[in-house]
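Participant: The structure's right below; bear with me while I get my questions together.
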Amino acid sequence: MAESVDRDIDVPVPIRVVGTEEVHLDAEMLGRFPVERRSVEVVCATGSRYTSTWEGIGIVDLLEAASAPENTTHLLVESRDGYRIAIPLVDGFDGLLAVRKDGQPLGSSNPYHTRFVAPDIDGARDVKGVREITFLAIDPTDDPERYEQVEPDDDRFEAA
Ligand SMILES: Nc1nc2c(c(=O)[nH]1)N[C@H]1C(S)=C(S)[C@@H](COP(=O)(O)O)O[C@H]1N2
Ligand SMILES: [Mo]
């Protein structure tokens, strides 16, 4: 039986994707990308973990859409809650800007509609409520953590 993929994407606030060009992803724009599906485990430092099936737009497609600089080393993923994480491009390649988890729109049971997920990264780096993705070339002498914001400066999308 043919598998039906739900094309309906609910994103109330457009997401900025910044490379050498800037793309604003609203629901209509997101709908033009192929939807990819991936199983990714979220592993918290506290020891709790779970695996879900995530659906969304592949990071490679976003990289192309925003014409990311050729020397890109990291993606800076920033959330509406102020959280910001620098992901090495090698990890980001397998990542998704997810809009659904286990077949359900993220917004149907969370205060956020999108989430960056990728295999083999700490759960703390699976950023909820993505506001902006920037493709950055960070100099090897520079510290990527300098670009991050993991301390709360707003209400956090963290259950506990
Ligand atoms: N925007 C945002 N994303 C976030 C966090 C957060 O506080 N804000 N917490 C992170 C941490 S520490 C973990 S372990 C996971 C928890 O994801 P879960 O609620 O799906 O278990 O989300 C991550 N993503
Ligand atoms: Mo965590």
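Participant: Which whole number in µm²/s is D for segment 86-160 by Stokes-Einstein, with the Kirkwood Rh taken over Cα pairs at 37 °C and 0.692 mPa s?
Facilitator: 237 µm²/s
Participant: Going by how many other Cβ atoms sit within 10 Å of their own, how do Val117, Val90 line up, fewest first?
Facilitator: Val90, Val117
Participant: Further question: Mind checking the full-extension length gain between Glu132 and His24? Use 0.36 nm per residue of separation minus the Cα-Cα distance, one decimal, nm.
Facilitator: Here the segment from Glu132 to His24 would lengthen by 38.0 nm.
Participant: To continue, here is another question. May I ask you to sort Arg80, Arg100, Arg32 by Cβ crowding, counting other Cβ atoms within 10 Å and putting the fewest first?
Facilitator: Taking fewest neighbouring Cβ atoms as first place, the list is Arg32, Arg80, Arg100.
Participant: Ignoring everything except DSSP H segments at least 4 long, calculate the 222 nm mean residue ellipticity for the chain; use -39,500 (n - 2.57) per segment, divide by total residues, nearest 500.
Facilitator: Computed ellipticity for the chain at 222 nm equals -2000 deg cm²/dmol.
Participant: Given q = 0.30, 0.32 Å⁻¹, what are the Debye log10 I(q)/I(0) values for segment 61-107, with equal point scatterers placed on the Cα positions and solvent ignored?
Facilitator: Treating every Cα as an identical point scatterer, log10 I(q)/I(0) equals -1.17, -1.19.
Participant: Please compute, over every Cα-Cα pair in the chain, the percentage with a separation greater than 25 angstrom.
Facilitator: Counting pairs separated by more than 25 Å, the tail of P(r) holds 25 percent.
Participant: Same structure again: Relative contact order for the chain: what is it in percent, counting Cα pairs under 8 Å that are at least 6 residues apart?
Facilitator: So the answer I get is 27 percent.
Participant: Determine, for Ser48, Ser109, Ser79, the number of other Cβ atoms within 10 Å of each Cβ, and report the residues in order from fewest to most.
Facilitator: Listing Ser48, Ser109, Ser79 from fewest to most nearby Cβ atoms yields Ser109, Ser48, Ser79.
Participant: With r defined as the distance between the Cβ atoms of Thr141 and Asp94 and R0 fixed at 30 Å, what FRET efficiency is calculated, to the nearest 0.05?
Facilitator: The computed FRET efficiency comes out at 0.65.
Participant: What does the charge count around Ile121 come to, taking other residues whose C-beta lies under 15 Å from its C-beta (Lys +1, Arg +1, Asp -1, Glu -1)?
Facilitator: Neighbour charge sum, excluding Ile121 itself: -2.
Participant: Let me ask another. Along the charge dipole of segment 8-160, which of Thr46, Phe135, Ala65 sits closest to the positive end, that is, farthest toward it, with unit charges on the beta carbon of Lys, Arg, Asp and Glu (+1, +1, -1, -1)?
Facilitator: It is Thr46, whose Cα lies furthest towards the positive end.
Readers should treat all values here as calculations from the given coordinates under stated rules, not as data from a laboratory. What you are looking at is a predicted structure, and each value in this text was computed from that prediction instead of being measured. As a convention, Cβ positions derive from the backbone with ideal geometry for all residues, glycine included, and neighbour counts pool all protein chains shown.
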